[in-house]
Amino acid sequence: MDPTTDNAGYTGDAGAARASLEALRAEIAKAVVGQDPAVTGLVVALLCRGHVLLEGVPGVAKTLLVRALASALELDTKRVQFTPDLMPSDITGSLVFDARTAEFSFQPGPVFTNLLLADEINRTPPKTQSSLLEAMEERQVTVDGTARPLPEPFLVAATQNPVEYEGTYPLPEAQLDRFLLKLTIPLPSREDEINVLTRHSEGFNPRDLRAAGIRPVAGPADLEAARDAVTKTAVSPEITGYVVDICRATRESPSLTLGVSPRGATALLATARAWAWLTGRDYVIPDDVKALALPTLRHRIQLRPEAEMEGVTADSVINAILAHVPVPR
């Protein structure tokens, strides 16, 4: 995924919004080297009002990536370090007794923000993980029977270590399905790793992103204009059928015990529309669907144990399906 800078077909607020999102990608690149697909995925999630799960081994700049995004956006942001002893109320907030008024008042938790960085989300037990379900799906938190809406925009950017690592708790399927995208953060290439070390030797401090020159370049107004433009991106019946055929093929795959749900199909169509708009078109083509199929679907399927033993992966299953499902002309 690598959007071009062509603004063909867009003028006014939509064109300015697209330019600001391009600038956002450039700002993040000041701190994070060689992770363009992940940066683009975060931008797509912002356009689709979705949440993102970033997976990679420790030390590949997952947290830095989200912190750089927060620094380049004019949005309120909070960070929660997920640990085994973290309680649900530590995220959502709780009722606190006020001795002066002799009444209970609600103390909002860190989830009441625009961009929530859920760091190492799979190091906390499922009970605490599930405390984010209502926030992610309904954009609200219910405490003591009272629903409290979250700010808009609201995005959860969660990082996790690979599930086979010690001290991790796999996310429940219901929560995985709430993430719009699952982005894998690979180890950098040799050239990129040399670039990282060179930056550090020249004084780059990942804990001081302002000193690295990252400045806010986009805000809520830009996001709203961009989202409005994405909703006007045309989708033909043939593209809709193509998305459905891909998702139905996952339900029939002999390598899977769980295929993509209709929610996943809706997510794939939404991300393809956002990607089409980012690449300067006002209509979706099959290549847009293919470009977003892996990050949108890989966490929504489950492999059979025997397939895993044979070395089959979620990505390989999806790639095989993309190779076999007829592409509309």
- Test R263 against the criterion of being in a helix (DSSP H, G or I), among the basic types (K, R), under 29 Å from P172 (Cα atoms) and at pLDDT 95 or above, and give yes or no. no
- Could you pull out the residue among D208, D222 that is of a type in the set (D, E, K, R) and surrounded by 13 or more Cβ atoms within 10 Å (Cβ to Cβ)? D222
- Query: Within the stretch 120-132, which residues are open to solvent by 10 Å² or more (accessible area, probe 1.4 Å) and either in a helix (DSSP H, G or I) or touching a strand residue (DSSP E or B) at 6+ places or on another chain (Cβ under 8 Å) (or both)?
  - Reply: E120, R123, P126, K127, S130, S131
- Task: Scan the stretch 185-196 for residues that are in a helix (DSSP H, G or I) and either surrounded by 11 or more Cβ atoms within 10 Å (Cβ to Cβ) or touching a Leu at 6+ places or on another chain (Cβ under 9 Å) (or both) and jot them down.
- Result: D192, E193, I194, N195, V196
- Task: Give the number of residues within the stretch 286-303 that are open to solvent by 50 Å² or more (accessible area, probe 1.4 Å), at pLDDT 95 or above and not acidic (D, E).
- Result: 1
- Query: Hey, among the residues in the stretch 89-113 that are open to solvent by 50 Å² or more (accessible area, probe 1.4 Å) and part of a strand (DSSP E or B), which one's farthest from A135 (Cα to Cα)?
  - Reply: E103
- Note on the structure: Flagged in the stretch 238-260 as outside any loop (DSSP other than H, G, I, E, B) and among the hydrophobic types (A, V, I, L, M, F, W, C), in numbering order, are I239, V243, V244, I246, C247, A249, L256, L258
- Query: Would you call L197 within 18 Å of the chain's Cα centre (by Cα), modelled with pLDDT of 85 or more and at negative phi?
  - Reply: no
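The values are calculated or read from the model by the stated rules, or taken from the named source; none is laboratory data. The model shown is predicted, which means the values in this text are computed figures rather than measured ones. Because the Cβ atoms are built from the backbone with ideal geometry, glycine has one as well, and the counts that use them run over all protein chains shown. For accessibility, only protein heavy atoms count, side chains too; no ligands or nucleic acids. Shrake-Rupley method; radii C 1.70, N 1.55, O 1.52, S 1.80 Å.
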